[in-house]
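Undergrad: Structure provided below as structure tokens; questions to follow.
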Amino acid sequence: MEGYNTCIEYKGTKFMVQTQDKGPAFNYIESLVYLSGRVIATKRMPYTAHLNQPNLKEIIQQLLEDLHTEVIDEIVEGKYDKFLG
């Protein structure tokens, strides 16, 4: 499985964002947001509509990047502030 891992510090707190392709058995991209070692949010993006595309690998790569960036943006926009101490 391919993916990204990013640690981001926001308001003095470190969040970890992990985004990966769950593979052909699942056909979706998943991002997990961690705070202090526990998952506080999950976001999924299916790609079943693209399965017959000849450039599926490139599509999945773009979806990985897009979802990862979207979740990081949500952190800095304050979506997960309710989890801050």
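Read-outs: derived from the displayed coordinates by stated rules, not from any lab. Here the structure is a predicted model, which is why all the values come from computation and not from measurement. Cβ atoms come from the backbone with ideal geometry, glycine included; neighbour counts cover every protein chain shown.
Undergrad: How many residues does the stretch 21-43 contain that are without any contact (Cβ under 8 Å) to a residue 40 or more places away in the chain and either within 14 Å of E74 (Cβ to Cβ) or more than 8 Å from the chain's Cα centre (by Cα) (or both)? Quick ask: steps written out before the conclusion?
TA: Just the residues of the stretch 21-43 that are without any contact (Cβ under 8 Å) to a residue 40 or more places away in the chain, to begin with: 22-30, 32, 34, 36-39, 41-43.
Restricting the remaining residues to those that are either within 14 Å of E74 (Cβ to Cβ) or more than 8 Å from the chain's Cα centre (by Cα) (or both) gives 22-28, 32, 34, 36-39, 41-43.
Adding up the residues that qualify gives 16.
Undergrad: Just to be sure I understand, how many residues within the stretch 8-20 are more than 12 Å from the chain's Cα centre (by Cα) and without any contact (Cβ under 8 Å) to a residue 60 or more places away in the chain?
TA: Total meeting the criteria: 3.
Undergrad: Report the residue count in the stretch 46-59 for those that are exposed (fewer than 15 other Cβ atoms within 10 Å of the Cβ) and either among the hydrophobic types (A, V, I, L, M, F, W, C) or within 28 Å of G85 (Cα to Cα) (or both).
TA: Residues in the stretch 46-59 being exposed (fewer than 15 other Cβ atoms within 10 Å of the Cβ) and either among the hydrophobic types (A, V, I, L, M, F, W, C) or within 28 Å of G85 (Cα to Cα) (or both): 3 in total.
Undergrad: Across the stretch 20-41, which residue is surrounded by the most Cβ atoms within 10 Å (Cβ to Cβ) among those that are within 22 Å of K82 (Cα to Cα) and polar (S, T, N, Q)?
TA: Within the stretch 20-41, the match that is surrounded by the most Cβ atoms within 10 Å (Cβ to Cβ) is S31.
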